[in-house]
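Peer 1: Here's a structure for you.
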Amino acid sequence: MNFDFSDELKQLRDEARRFLTDRCPPAIPRRILESDEPYDRALWQSIAEMGWTGAAIPEEYGGVGLGRLAVCVIAEELGFHVAPVPFASSVYLATEALLLYGSEAQKQAYLPKLATGELIGTFALAERAGTADPRKLTATVSGGTLTTVKLAVPDGDIADFVVVAVNGGTGPWLYLVDLHGAGVAKEVVTTIDPTRSHAKLSFTAAAAEPLAGATGPESVHRLLDFAAVPMAFEQVGGAQAALEMANLYAKERYAFGRPIGSFQGIKHKLSDMYIQVELARSNAYYGAWAVHTEAAELPIAASVARISACEAGWFVTKENIQTHGGMGFTWQMDCHLYYRRAKLLALTLGGAREWKLRLIAELRNRNTEDLQAA
Amino acid sequence: MDFEDTAEEAAFRAKARAFLDANAERRKPGAVEGYRRGQDVPGAMERAKDFQRRKFAAGFVGIHWPTEWGGQGGTQIQNVIYNQEEAKYDVLTGLFGIGIGLAMPTICTWGTLEQRETFVAKTMRADYVWCQLFSEPGGGSDLAALRTRAEKAGDGWVVNGQKIWNSGAHYSDYGILVARTDPDAVKHAGLSFFILDMKAPGIEIRPIRQVSGSSHFNEVFFTNVRIPDTRRVGPVGAGWKVALTTLMNERHGMRDAPGPDFNELFSLARQVELEDGLAIDNAAVQEKLAEFYVRSQGLKFTKFRGMTALSRGQTPGPESSIIKVVAANKLQDILSYGLDLIGMAGPTMGDSMPVSGIFEEALLYSPALRLAGGTDEIMKNIIAERVLGLPQDPRVDKGVPWRDVPTGPRATGAKQ
């Protein structure tokens, strides 16, 4: 049994933790929250210089070639530090889409610049409220151009290009669109978490280049599966930070002459928070194994990691506020940074509800005895 | 990152399988391990002892114990691997759990060489069956509040008092007993630990009828029961520390809650008709199923993380402390939801029901799993204090002689 990260990856995680502790204390996301800056450009630059943006990109395309497990350990630390950078959009989604479905020419053109952080990519799917089911998309590409509106695209205002999901019929379901090109309008939208910028993207006969490998709606789900795993690590990181914040406060804050952490009402709450974080972490590890090995169980492992991380993120960040009492509801305390981010991340790839239905659909397609043996 | 055995682990697993194939029947596919299921069947004890003797002869008892205890000198991970394999076979080994899992490690850690020589080998080969005499009506979660007295008399001790929740006391040869030897000391300091011959005069054992209707536990009453001083384990007054060794082994060995899990609920949902068709086709049911699956998997992979630590020769991290509390609550939630799906026909017990009545059976034993070996509340205190480092509750029993600690109107047995 070797269900853990290697020493090299643990070292990478420790380096990431040290770097972000220094460069991304809570004052950094707070500055983005309180200003019009869409993200921390200097932090993004440093992250790229350290090779994190190219972690999963093979060396032949200018990356570091550490693989997807490296992205998972970095993601956990970015989540812990509520980093205000377009890492998820550019790395888990845009880079992954090119790795999975790009032609050789597309990989040559995009991946080296994604690795250096020179290009920022993102992903657009949702067209309306409700389940973002690829099969229900109305956007289509005809004559090489796209006309549609995509809602709440993370980093849509700052990204250089976007991977757009469309109803591709028998053709490709994912296209690349240059966000600096003609026929693209970006409208910055306010979200529950302004530490990460979002935009509504309107395309009017915008030039769209197919990702030829992305055939059928399953290809969109597959991209989401690959993205859900590092996202789960990012969510677990945020939940861990909120748990530590609550734990520290429970030791330092006195009421009725004793630390509030000596009351079982608070102790048991913190134990429940710890339990949620550990279950989510264990499930995220399963996801990491599945993306690393590209296992047939990936849709199941990704769903499990995703659902568990969404539940933990919500529970822990809201109970962190509760542990802080009235102070937790103030702008000045950092509790709301974790709370906002947790719910944002729980929506970004589609809510837990739709992942639950998808999980059961996947389990019904399989022999559960085989799964138990995994 | 993978789920594979190392070459040495794979070889050990193959050896364990070969032994089990030759000496036991595999569980039928889909069979669910109940809580102490099969223990009451006539002849169960003889069959269990017979298997235990063959297991001992083959070197699968005390796998990870040091050789000076009489163990095999193997690793923790080998012990886990053997137990994983054994769980796939229809064998009753729970009867020996207290002797082998709790009493022997405690005696070998704290006892005399003579005690080790008298008890270890015979316990390993099922000559001696053990029970645990710790809890009392007034001392459960607060074990150190116990009142059973052991008073010095000549070259031995005389015990008076009462214990409760003693699994298997009625068929045990020996018991491990914690008793109060000094009521004037502060409560944790006034205890001592003994090995008690369960056939000694003055012991009365009464079965306790549980919610499930069966009786696996007992109350045990002591009236002037004599124990020679050679059967004391550890120094006089060190009983709490010795008992902690037992409790740590109990928690370390904590397993999943036996009973229906996700697969059984999934199977049930594929059989049961609701308003609009099969339960499995209902979106609300699917959401619940997914939540249970995620909890089951979370537990499974948390255990895998612990096994990985063992496999690397490390101690499992604190994440292992969550298993019991999550597993027992998940079981109750699955049972309640499964029975809800069965609906009006749900109360019926027995094999005629979907998934063979195991939901109904487990419903009645499941409350025990949230109590035995540390209640949910105690487990959460342990997580809060030992893992998260939160302070203890202020206590009124600290630094006070035991006889002055307040007790409520429900306390039984007068303090002396």
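Peer 1: Pick out which of A:PHE226, A:PHE87, A:PHE256 has the largest mean-square fluctuation in a Gaussian network model of chain A, springs linking Cα atoms closer than 10 Å.
Peer 2: Comparing A:PHE226, A:PHE87, A:PHE256 in the GNM, the peak value goes to A:PHE256.
Peer 1: Enumerate the calculated ³J(HN,Hα) couplings along segment B:272-284 in order (Karplus 6.51 cos²θ - 1.76 cosθ + 1.60, θ = phi - 60°), each rounded to whole Hz, writing x wherever the residue is Gly or Pro.
Peer 2: 8, 8, 9, 3, 10, x, 4, 4, 5, 8, 8, 4, 5
Peer 1: Can I ask one more? Quick query: amide H of A:ALA199 versus all other amide H atoms, modeled in the peptide plane; which residues come in under 5 Å with a sequence gap of 5 or more or a different chain?
Peer 2: Result for A:ALA199 returns A:VAL153, A:ASP155, A:GLY156, A:ASP157, A:VAL189.
Peer 1: Using modelled amide H (1.01 Å from N, peptide plane; none on Pro or chain starts), what sits under 5 Å from the amide H of A:ALA55, excluding residues fewer than 5 places away?
Peer 2: Amide H to amide H, under 5 Å and 5 or more residues apart or across chains, A:ALA55 pairs with A:VAL64.
Peer 1: Place +1 on the Cβ of every Lys and Arg and -1 on the Cβ of every Asp and Glu in chain A, take the dipole about the Cα centre, and give the residue among A:LEU248, A:ILE321, A:GLY144 whose Cα lies farthest towards its positive end.
Peer 2: My answer, from the dipole projection, is A:ILE321.
Peer 1: In the protein assembly as shown, what % of DSSP beta bridges are antiparallel (nearest 5)?
Peer 2: Approximately 85 percent, going by the DSSP bridge assignments.
Peer 1: Could you please state, rounded to a whole Å, how far the C-alpha centre of segment A:168-240 is from the C-alpha centre of segment B:1-30?
Peer 2: Centre-to-centre distance over Cα atoms comes out at 46 Å.
Peer 1: Ordered by residue, what ³J(HN,Hα) values in Hz, to whole numbers, does segment A:47-54 give under the Karplus form 6.51 cos²θ - 1.76 cosθ + 1.60, where θ = phi - 60° and Gly and Pro are x?
Peer 2: Ordered by residue, 3J(HN,Hα) equals 4, 5, 5, 7, x, 5, 5, x Hz.
Peer 1: Helix-derived [θ] at 222 nm for the protein assembly as shown: sum -39500 (n - 2.57) over DSSP H runs of at least 4, divide by residue count, nearest 500?
Peer 2: -14000 deg cm²/dmol
Peer 1: Give me a single rounded figure for A:261-269: the average over its residues of other chain Cβ atoms within 10 Å of their Cβ.
Peer 2: That works out to 5 on average.
Peer 1: Something else now. What does the C-alpha gyration tensor say about the overall shape of segment A:122-184? Classify as rounded when a/c is under 1.5, otherwise prolate if a/b is larger than b/c, or oblate.
Peer 2: oblate
Peer 1: Let me ask something else. Run the dipole for chain B about the Cα centre, Lys and Arg Cβ at +1, Asp and Glu Cβ at -1, nothing else charged, and hand back the magnitude in debye, nearest 20. Write out the running numbers ahead of the final one.
Peer 2: On the way: 49 positive and 51 negative charges, 262 e Å.
Value, rounded to 20: 1260 debye.
Peer 1: For a label point 7 angstrom out from the Cα of A:GLU252 toward its Cβ, which stretches of segment A:62-92 have the backbone nitrogen within less than 13 Å?
Peer 2: Counting backbone N atoms under 13 Å from the label point, the list is empty.
Peer 1: Amide H neighbours of B:TYR89 under 5 Å, counting only residues 5+ apart in sequence or on other chains, H built in-plane at 1.01 Å?
Peer 2: B:ARG27
Peer 1: For labels at B:VAL211 and A:ALA105 in the simple 7 Å Cα→Cβ model, what's the distance in nm?
Peer 2: 6.9
Peer 1: Work out the charge dipole of the protein assembly as shown with +1 on the Cβ of Lys and Arg and -1 on the Cβ of Asp and Glu about the Cα centre, then indicate which of B:PHE301, A:GLN264, B:ILE81 is farthest towards its positive end.
Peer 2: Result: A:GLN264, furthest along the dipole toward the positive end.
Peer 1: If a/c stays under 1.5 just call it rounded; otherwise compare a/b with b/c (prolate if a/b is bigger, oblate if not). Do that for segment B:131-239, with a ≥ b ≥ c from the square roots of the Cα gyration tensor eigenvalues.
Peer 2: Oblate shape, in that a/c is at least 1.5 and b/c is the bigger or equal ratio.
Peer 1: Rounded, prolate or oblate: which fits segment B:254-374, taking a ≥ b ≥ c as square roots of the Cα gyration tensor eigenvalues, rounded meaning a/c under 1.5, else prolate when a/b beats b/c? Walk me through the numbers on the way to the answer.
Peer 2: Details: a/c = 2.93, a/b = 1.82, b/c = 1.61.
It comes out prolate by the Cα gyration axes.
Peer 1: If you don't mind, there's one more thing I want to ask. If I model a spin label as a point 7 Å beyond the Cα along the Cα-Cβ vector, how far apart are those points for B:GLU117 and A:THR204 in nm?
Peer 2: Output for this residue pair reads 9.8 nm.
Peer 1: Given the options A:SER303, A:SER89, A:SER271, which has the most mean-square fluctuation in a GNM of chain A, springs set between C-alpha atoms less than 10 angstrom apart?
Peer 2: In the Gaussian network model the winner is A:SER271.
Peer 1: Further question on the same structure: Give the calculated FRET efficiency between B:ALA345 and B:LEU371 to the nearest 0.05, with a Förster radius of 30 Å applied to their Cβ-Cβ distance.
Peer 2: Numbers: r = 30 Å, r/R0 = 0.99.
Computed FRET efficiency for B:ALA345 and B:LEU371 comes out at 0.50.
Peer 1: Based on Cβ point charges of +1 for Lys and Arg and -1 for Asp and Glu, what charge dipole magnitude is obtained for segment A:105-160 about its Cα centre, in debye rounded to the nearest 20?
Peer 2: For this selection, approximately 260 debye.
Peer 1: Say we join alpha carbon atoms closer than 10 Å with springs in a Gaussian network model of chain B; which of B:GLY313, B:GLY154, B:GLY73 then has the biggest fluctuation?
Peer 2: Highest fluctuation of the listed residues: B:GLY154.
Peer 1: A further question on this structure: What does the structure give for A:296-308 when I average, per residue, the other chain Cβ atoms found within 10 Å of the residue Cβ?
Peer 2: Numbers: counts 0, 0, 0, 0, 2, 2, 0, 3, 8, 4, 1, 8, 6.
That works out to 3 on average.
Peer 1: Also: Return the distance in nm (one decimal) between the two label points of a simple spin-label model at A:SER6 and A:THR215, each offset 7 Å from Cα along Cα→Cβ.
Peer 2: Distance between the two pseudo-spin positions: 3.4 nm.
Peer 1: Output wanted: per-residue J couplings in Hz (rounded whole) for segment A:317-323, from phi through Karplus 6.51 cos²θ - 1.76 cosθ + 1.60, θ = phi - 60°, x for Gly and Pro.
Peer 2: 6, 6, 6, 5, 4, 4, 4
Peer 1: Something else now. As an exercise, identify the GluC sites (Glu not before Pro) in segment A:276-348 lying in DSSP coil whose Cβ has no more than 15 other Cβ atoms within 10 Å.
Peer 2: A:GLU294
Peer 1: Mind checking segment B:275-335 for trypsin sites (Lys or Arg not before Pro) that DSSP puts in a loop (not H, G, I, E or B) and that have at most 16 other Cβ atoms within 10 Å?
Peer 2: B:ARG312
Peer 1: For segment B:155-190 and segment B:57-101, compute the distance between their C-alpha centroids and round to whole Å.
Peer 2: Between the Cα centres of segment B:155-190 and segment B:57-101 lies a distance of 28 Å.
Peer 1: Gain in length, B:SER141 to B:LYS241, computed as 0.36 nm per residue apart minus the alpha-carbon separation, to one decimal in nm? Spell out each step's value before the answer.
Peer 2: Working: separation 100, 0.36 × 100 = 36.00 nm, distance 1.60 nm.
Contour length minus the Cα-Cα distance gives 34.4 nm.
Peer 1: So for segment A:92-160, taking the charge dipole from beta-carbon charges (+1 Lys/Arg, -1 Asp/Glu), which of A:PRO134, A:THR116, A:LEU100 sits furthest toward the positive end?
Peer 2: Farthest towards the positive end: A:PRO134.
Peer 1: So, one more: What ranking do A:SER282, B:SER214, B:SER135 get, fewest neighbouring Cβ atoms within 10 angstrom at the top?
Peer 2: Fewest-to-most ranking of A:SER282, B:SER214, B:SER135: B:SER214, B:SER135, A:SER282.
Peer 1: Place a +1 charge on the Cβ of each Lys and Arg in the protein assembly as shown and a -1 charge on the Cβ of each Asp and Glu, then give the dipole magnitude about the Cα centre in debye, rounded to the nearest 20.
Peer 2: 2260
Peer 1: Please compute, for peptide B:278-290, the average count of beta-carbon atoms on other protein chains lying within 10 Å of each residue's beta-carbon.
Peer 2: 4
Values in this text are rule-based calculations from the coordinates and carry no lab data. Fair warning: this is a prediction, and the values are worked out from it, not measured in the lab. In this analysis, Cβ positions are derived from the backbone assuming ideal geometry, glycine residues included, and neighbour counts consider all displayed protein chains.
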